[in-house]
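The values are calculated or read from the model by the stated rules, or taken from the named source; none is laboratory data. All of these numbers come straight from a predicted model, not from anything done at the bench. All Cβ positions, glycine included, derive from the backbone under ideal geometry; neighbour counts span all protein chains shown.
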Amino acid sequence: MKSTIWNRLRPVAIAAAFALAACAAPPQPVGLGGAAVPAQEGRLLLLAARVFDGQSMRQDAGVLIAGRDVVAVGSAAELRGQGAREMDLGDATILPGFIELHAHLAFHRIPADVVLRHGITTVRDVGGPLLAASGGDGRLRLLSAGPILTAPGGYPIATFGDSEVAVAVRGAEEARRMVGQLVEGGAAVIKIALEPGGEPGAPWNNTGHGHGHGGGRFGPPWPLLPPEVVKAAVEEAHRLGRKVAAHVGESRGVELSLDAGVDEWAHIPCAAIGDGLLRRAVEQGVKVVSTLDTLSGCAGAHANAMALAKLGADFLYGAEIAHTDVPWGIDAQELHWLRQLSGMSTQDLFRTVTAKAGAYLGLAPLGTLTPGAPADFIAVRGDPQENLKLLEYPDLVVSGGRVVANGHLSVTY
Ligand SMILES: [Zn+2]
């Protein structure tokens, strides 16, 4: 039984992992083909039936880790006998930790360690209090946009009130100044809201508080930032080396975002968008973050996703994490919808959530299991290509060479 193999190896894994975590020495070069050498403290070779290295799925392969880094990836035959502790996970799949590009952990009070235990090792928080980059050392690697730039009274202030999730800017100068302050405070990206509201099925239209009642909340239409203010924010962000993600849900916001040259849509738009605008987005190289699980009630999101895919759009994975019906981590529903509607292969899907996201964040080789990459990875029993749901409950999660979850399903052994 596979489970007994895992059960037998589990204590070894824990012991090896603690040794690994304690080792701060730089990785030693890997000697190939030499005589067997004694196990070196802090070097761990994990073998499995499948290893996804960020680009392709290798069969009967392994990952060699030393301290906080990946040292080598290759076939089991190449990597065995190099003096590292060896663990064979058997019928399991090792993958880089997944990267979530659209979440609001602080705003939704989502515990970072829960997210990490469910397979996400890096989160980009796009709307909430500004947080300096942190983690990657046994803690969730966290990047932040800080508050979303919007018009006075605009979304999301319109729905959530004057909170840390957004900041109103009045004019181009103030937009530039605010972008400068956010970057100075550690913002990894600038987020801007271009949302007049009113799209059928949009979650942001349904605050549960009705329209015009209490707490500063009121219904659409919400004011939008004027084009020159959006342009000023984008120009300043680009000047300071930051990308701009725009919340868009319908055609007016989409047009504003394209006119200003944003880098990314933080959602596939909720309302159906005409082919002309979608084509412009693709031609301008706008990346599109999925959030299809969040938008499941939207009238136009699925059609937009399929039309964008046909036009050759570049999708990124974002799931917002705070859903009530799935664990707070990897969201298999999001993965399923992204694969289904974009028509991408399962390996492309895995690339999108790992290597592509790491490169997009400017943090390559984060999101890969290649030499020099941080040892952020997960392992699941079985083959997640056959069942994406396995990814929501990883059997092993390692962040920066430190084990943070190890066989938490052991209660069922
Ligand atoms: Zn969001």
Of all residues in segment 95-111, how many are out of contact with any Gly (no Cβ under 8 Å at 6 or more places or on another chain) and within 19 Å of Gln55 (Cβ to Cβ)? 1
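Table: residues versus (1) within 27 Å of Ala245 (Cα to Cα); (2) not in a loop (DSSP other than H, G, I, E, B).
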residue	(1), (2)
Glu86	no, yes
Glu100	yes, yes
Leu130	yes, no
Gly146	yes, no
Looking only at segment 294-321, how many residues end up being touching a helix residue (DSSP H, G or I) at 6+ places or on another chain (Cβ under 7 Å), farther than 14 Å from Ala202 by Cβ and within 16 Å of the ligand (Cβ to nearest atom)? 4
Restricting segment 272-293 to residues that are surrounded by 22 or more Cβ atoms within 10 Å (Cβ to Cβ) and assigned to a loop (DSSP other than H, G, I, E, B), the one nearest to the ligand (Cβ to nearest atom) turns out to be Thr291
Within segment 137-155, tally of residues that are away from the ligand (no atom under 16 Å from the Cβ), surrounded by fewer than 23 Cβ atoms within 10 Å (Cβ to Cβ) and over 24 Å from Pro226 (Cα atoms): 3
I'd like the full set of residues that are closer than 22 Å to Pro365 by Cα and free of Cβ contacts under 8 Å to residues at least 60 places away in the same chain, limited to segment 45-65. Leu45, Leu47, Arg58, Gln59, Ala61, Gly62, Leu64
I'm trying to understand the selection: among the residues of segment 225-266, which are of a type outside the set (Val, Ile, Thr), part of a loop (DSSP other than H, G, I, E, B) and under 28 Å from the mean Cα position of the chain (by Cα)? Leu225, Leu240, Gly241, Arg242, Lys243, Gly249, Glu250, Gly261, Asp263, Ala266
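In segment 154-185, what residues are in contact with a strand residue (DSSP E or B) (Cβ under 7 Å, 6 or more places away or on another chain) and farther than 15 Å from Leu256 by Cβ?
At the first step, the residues of segment 154-185 found to be in contact with a strand residue (DSSP E or B) (Cβ under 7 Å, 6 or more places away or on another chain) are 154-157, 165-169, 175, 178-179, 182.
Selection gives Pro156, Ile157, Val165, Ala166, Val167, Ala168, Met178, Val179, Leu182.
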Could you tell me which residue of segment 116-128 is nearest to Leu361 (Cα to Cα), considering only residues that are away from the ligand (no atom under 16 Å from the Cβ) and either assigned to a loop (DSSP other than H, G, I, E, B) or assigned by TED's automatic domain parsing to the domain that holds Gly401 (or both)? Gly119
Just to verify a result, which residue in segment 293-344, among those that are closer than 17 Å to His108 by Cα and among the hydroxyl-bearing types (Ser, Thr, Tyr), is nearest to the chain's Cα centre (by Cα)? Thr294
In segment 385-408, the residues that are in a loop (DSSP other than H, G, I, E, B) and either closer than 22 Å to Ala319 by Cα or of a type in the set (Gly, Ala, Ser) (or both): Gln385, Glu386, Asn387, Tyr393, Pro394, Asp395, Gly400, Gly401, Gly407
